Amino acid sequence: MNELSEVEVVARDGVPVVRISGEIDLSNADAVLRSIEAAIDDQAPGLVVDLRELEFLDSAGVRLLFEAARLVTVVDGRFVALVGPGSPALRVLELAEATSLFPLETTEADAVSAASAGRRET
């Protein structure tokens, strides 16, 4: 993506998982958001954003995650953030009270399960 971050998208049990490594700050937040937007699948039950390899996250990064969560809910999916215990991203998201908007999980299996629970049957 750029010198600050790398984004990779994989699928786990029909759920897109966006893996982000490096840093997210004001200089690259919009580009990272575009990568996340491209991974949103309106046929999937949700979306997982894996932040376990993220070394730095500032307020612009928090804003992009809130926006990504909103975009996933627009297509009736569930947004889940995957964070490592004690990671910089976890601390920032806790301070921003992100759990009021989306769940924070610490294992990929739990995150995919939580995202899979997002789609409402009609």
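A few comments on the model shown:
- Number of positions in region 6-22 that are crowded, with 21+ Cβ neighbours inside 10 Å and either polar (S, T, N, Q) or more than 20 Å from ASP58 (Cβ to Cβ) (or both): 3
- Taken over region 34-65, the residue count meeting the criterion of being in contact with a Gly (Cβ under 7 Å, 6 or more places away or on another chain) and not aliphatic (A, V, I, L, M) is 4.
- Within region 66-122, the set of residues being free of Cβ contacts under 8 Å to residues at least 40 places away in the same chain, assigned to a strand (DSSP E or B) and either touching a Gly at 6+ places or on another chain (Cβ under 9 Å) or farther than 14 Å from VAL17 by Cβ (or both) comprises PHE79, VAL80, LEU104.
- Scanning region 72-118 for residues that are among the basic types (Lys, Arg) and buried (at least 17 other Cβ atoms within 10 Å of the Cβ) turns up just one, ARG78.
- Restricting ASP25, ASP50, ASP58 to residues that are buried (at least 19 other Cβ atoms within 10 Å of the Cβ) and not aliphatic (A, V, I, L, M) narrows the list to ASP50.
- Any hit, region 28-36, residues being out of contact with any Pro (no Cβ under 9 Å at 6 or more places or on another chain) and either of a type in the set (Asp, Glu) or without any contact (Cβ under 8 Å) to a residue 12 or more places away in the chain (or both): yes
- Screening GLY22 on (1) touching a Phe, Trp or Tyr at 6+ places or on another chain (Cβ under 9 Å); (2) touching a residue at least 60 places away in the same chain (Cβ under 8 Å) shows it passes everything except condition (2).
Throughout, read-outs are computed from the coordinates displayed, never taken from laboratory work. On a predicted model such as this, the values are computed, not experimentally measured, just so you know. Cβ coordinates were reconstructed from backbone atoms using ideal geometry, including for glycine residues, and neighbour counts include every protein chain displayed.
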